[in-house]
Amino acid sequence: MSDRGILVVVSGFSGAGKGTLMNALLDKYPNYALSVSVTTRQPREGEKEGIHYFYRTKEEFEEYIANDRLIEYAQYVKHYYGTPKKYVEEQLASGKDVILEIEVQGALKVKEKMPETLLLFVTPPSADELKKRLEGRGTEQPEIIQSRLEQASREAKYMPDYDYILINDVLDDCVCQMHNLIQSQHNKIEENQAFIGQIQSELKVFLKGE
Ligand code: 5GP
């Protein structure tokens, strides 16, 4: 098997429960490395520098771009978001599976640059359920809920570009499915070329007169 980790990108509608899914996955499987993005948006209450994001000014963010320090970046609702290259590369090289929780534009850019990336799209079981979950938070204005639903409708166009859909209905089931999908990626032929080459050459010894 390849010693390198698998790069996993998770996207999904706002309200699909990505954050809860990531927390539950990392609680159960602490070996995954979750990448921390750089953003120009302000921290929300309870968010911490270096844990939820690296909060930077627009000028600082532009320096990250100029110095080629990001794997990808995108603008989302007036702010920049980007994935730091160094951390992801170090973790992959050390054999850790790395998870990026990013929006669709960035996800597709990563896949273009690194086609072996596993793209997962998290969705509730139905549009109605998404609406219920957004309303159930009780913290958002109806206009914000409406704009999230519109955004979801736009993002849904890109669902066919992902490798797998994860339906977040029962959280534990979704965690298991996600873990199994990542683990089975390790068994893909492309990830095992070195092993295949080795066993093929070992087996040549048994060929008689061919
Ligand atoms: P929020 O502001 O709610 O934390 O994130 C807004 C959106 O930006 C979410 O869809 C989140 O997945 C996405 N996002 C977070 N970090 C990155 C990143 O590094 N790159 C890209 N392209 N999107 C990101």
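The values are calculated or read from the model by the stated rules, or taken from the named source; none is laboratory data. The structure presented is a predicted model; accordingly, all values stated were derived computationally and were not measured. Note: ideal-geometry Cβ built from the backbone for every residue, glycine included; neighbour counts use all protein chains shown. The accessibility values were calculated without ligands, DNA or RNA, using every heavy atom of the protein model including side chains. Shrake-Rupley method; radii C 1.70, N 1.55, O 1.52, S 1.80 Å.
Couple of notes before you dig in:
- Applying a threshold of 8 Å to beta carbon distances and a minimum spacing of six or more residues, or different chains, the list of pairs starting in region 127-150 at a residue that is under 19 Å from Val77 (Cβ atoms) and ending at one that is acidic (Asp, Glu) reads Leu134/Glu140; Ile145/Glu135; Arg148/Glu140.
- In the set (1) surrounded by fewer than 20 Cβ atoms within 10 Å (Cβ to Cβ); (2) in a helix (DSSP H, G or I), the condition left unmet by Leu21 is number (1).
- Flag if Tyr53 is touching a residue at least 60 places away in the same chain (Cβ under 8 Å), open to solvent by less than 60 Å² (accessible area, probe 1.4 Å) and aromatic (Phe, Trp, Tyr): no
- Residues in region 127-164 that are polar (S, T, N, Q), out of contact with any Ser or Thr (no Cβ under 7 Å at 6 or more places or on another chain) and under 14 Å from Gly12 (Cβ atoms): Ser153 only.
- Search result, residues across region 81-123 that are near the ligand (Cβ under 10 Å from one of its atoms), in the same structural domain as Gln177 (by TED's automatic domain parsing) and farther than 19 Å from Ile165 by Cβ: Lys109
- Within region 56-79, the residues that satisfy the criterion of being within 8 Å of the ligand (Cβ to nearest atom) and open to solvent by 70 Å² or more (accessible area, probe 1.4 Å) are Tyr73, Val77.
- Across region 28-46, the number of residues qualifying as surrounded by 10 or more Cβ atoms within 10 Å (Cβ to Cβ), within 12 Å of the ligand (Cβ to nearest atom) and part of a loop (DSSP other than H, G, I, E, B) comes to 5.
- Scanning region 169-210 for residues that are closer than 30 Å to Pro124 by Cβ and in a loop (DSSP other than H, G, I, E, B) yields a total of 5.
- Gly82, sole failed condition from (1) open to solvent by 40 Å² or more (accessible area, probe 1.4 Å); (2) touching a residue at least 24 places away in the same chain (Cβ under 8 Å); (3) not β-branched (Val, Ile, Thr): (1)
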